[in-house]
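Only one structure is covered here, and it is reproduced in the block below.
The values are calculated or read from the model by the stated rules, or taken from the named source; none is laboratory data. Please read these numbers as outputs of a predicted model, since none were measured by experiment. In this analysis, Cβ positions are derived from the backbone assuming ideal geometry, glycine residues included, and neighbour counts consider all displayed protein chains.
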């Protein structure tokens, strides 16, 4: 078992990584929560695998459990679905002393966390992430959100959970595509982390099956790095922006793909392309792009997209929620493990990118 402690000024909690821990969820929750009502939120894919098991374990430990299963997919991250969950809690007479548990991937975690953070101005919350993407990234750090209009995560909060339980065994039920998708975030962490053991671990991954064999180590390194970043910058005003490596370009094409690209696939493309642009400018050392691309391609992740560098692509960049005033911060690599931020004025984004695209 690995335990990563995330300690903030007004919140401390454990992130426990252990194969099989989902079978011990009742005992683990008992250590931090008194008996109470619990809303257990899952989706239609995860519920059929783990919902009954988790519900029974919680009930055996003294919790009154109400389950709510939302449709799988990004469409459930909406204010309408959040309102449905509020109604369930009101119907069951939930109070501020009760809690919400998210059982699923990033969509469920974001949605349930948002509901927990806003119901009665905030009630207790626990994350049980079941996808690699959620285990290494979205379940750690306290970001919650729903989508609004055409934008991802436009309505949300920073709201830390009381506990995160990560069971690498749940990855065995994912398709190879979604194991690889989550692994894109692991590559992002390794490329930006000043951890001498992390990138060599990435280079040992030569095929998708290797991700499962090394899952506990990959998750642990990722969570340790993300926890360190969050402890230094909880609200993403400075250092935490480095976690957007690959995301600025990736979010734009993810939205334009309209569901045909998974989040991690878009991030993989974004990492390769931002390295290519900054390498062409002489700001990223020669050879870094090739290293990133090799590890991305090794597990079948995409490295390019026809959606890149189109008029709609540039329009989407200018609307990115990470825009700071009149500029957009691009995260690039001075070297592996040395991320940096390069601000570009909104009106100059296309010229900044296009000058290198046209010359390569």
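Annotations for the structure displayed:
- Residue check: residue 280 meets all listed conditions (1) more than 21 Å from the chain's Cα centre (by Cα); (2) crowded, with 17+ Cβ neighbours inside 10 Å; (3) in contact (Cβ under 8 Å) with a residue 40 or more places away in the chain but one, namely (2).
- Checked against (1) assigned by TED's automatic domain parsing to the domain that holds residue 123; (2) over 16 Å from the mean Cα position of the chain (by Cα); (3) buried (at least 19 other Cβ atoms within 10 Å of the Cβ), residue 169 passes all but condition (3).
- Of everything in segment 283-304 that is under 16 Å from residue 184 (Cα atoms) and outside any helix (DSSP H, G or I), the residue that is farthest from the chain's Cα centre (by Cα) is 304.
- Among the candidates 274, 253, 242, residue that is under 19 Å from residue 133 (Cα atoms), touching a strand residue (DSSP E or B) at 6+ places or on another chain (Cβ under 9 Å) and assigned to a helix (DSSP H, G or I): 242
- Where residue 327 falls short, out of the listed (1) within 30 Å of residue 209 (Cα to Cα); (2) in contact with a strand residue (DSSP E or B) (Cβ under 7 Å, 6 or more places away or on another chain); (3) free of Cβ contacts under 8 Å to residues at least 40 places away in the same chain: (1)
- Where strands (runs of 3 or more DSSP E) sit wholly within segment 24-136, those with at least 2 residues that are surrounded by fewer than 19 Cβ atoms within 10 Å (Cβ to Cβ) and more than 22 Å from the chain's Cα centre (by Cα) occupy 64-70.
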